[in-house]
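The values are calculated or read from the model by the stated rules, or taken from the named source; none is laboratory data. None of these values were measured; they are calculated from a predicted model. When we count neighbours, we look across all protein chains shown, and the Cβ atoms used for this are built from the backbone with ideal geometry, even at glycine. When the accessible area is computed, the model is the full protein with side chains, heavy atoms only, and any ligands, DNA or RNA have been set aside. Shrake-Rupley method; radii C 1.70, N 1.55, O 1.52, S 1.80 Å.
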Amino acid sequence: QLQLAQAGGGLVNPGGSLSLSCTASEITSTYALAWFRQAPGEKREAIACITRHDTAQYYLYSVKGRFTISREDAKKAMYLQMDNLTPEDSALYYCAAHIPNTPCSADAREYSRWGPGTQVVVSS
């Protein structure tokens with residue numbers, strides 16, 4: 001079964017940048033892939049999704065223009081570049097893989113595989 005591992009994250013000053021990566025244990029080309037985040041006391045929210053074959057990318061309104069999702073199926077990897085970070089971006093970030101051969105969705109319940117999460121803290 002597909003397993004996801006994450007790297008990146010950490011502490012950054014407001015206005016700074018961080019990169020997250022997500023690597024899979026098997027091929028990813030049949031999956032829509034997404035990044036979610038969850039702040040303390042909040043529900044998990046979808047922030048970016050990239051379709052199979054990289055035909056489209058979708059973003060949460062509050063991160064659009066600041067975050068960039070990308071994938072590299074040859075490396076079984078997905079990335080999230082986060083620029084101009086604000087304290088409101090502080091959360092635990094998760095990568096997720098949708099059910100094979102289905103489109104992007106913002107509903108966390110539809111995702112079949114999850115990474116372990118990585119902490120992002122934006123603070124001066």
- Ranked by how many other beta carbons lie within 10 Å on average, peptides 45-53, 96-104 from highest: 45-53, 96-104
- Where in the stretch 69-101 does the label zone of Glu45 land, with the point 7 angstrom along Cα→C-beta and an amide N cut-off under 13 Å? 86-92
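Could you tell me what percent of the accessible area of the chain is made up of carbon and sulfur, with a 1.4 Å probe and every protein chain present?
Values: 3250 of 6400 Å².
Reported share for carbon and sulfur atoms: 51 percent.
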- Task: Using only protein heavy atoms and a 1.4 Å probe, report how much of Ser17 is accessible, in Å² to the nearest 10.
- Result: 60 Å²
- Query: Could you give the length gained on full extension between Ser62 and Lys75, defined as 0.36 nm per residue of separation minus the Cα-Cα distance, in nm?
  - Reply: 1.8 nm
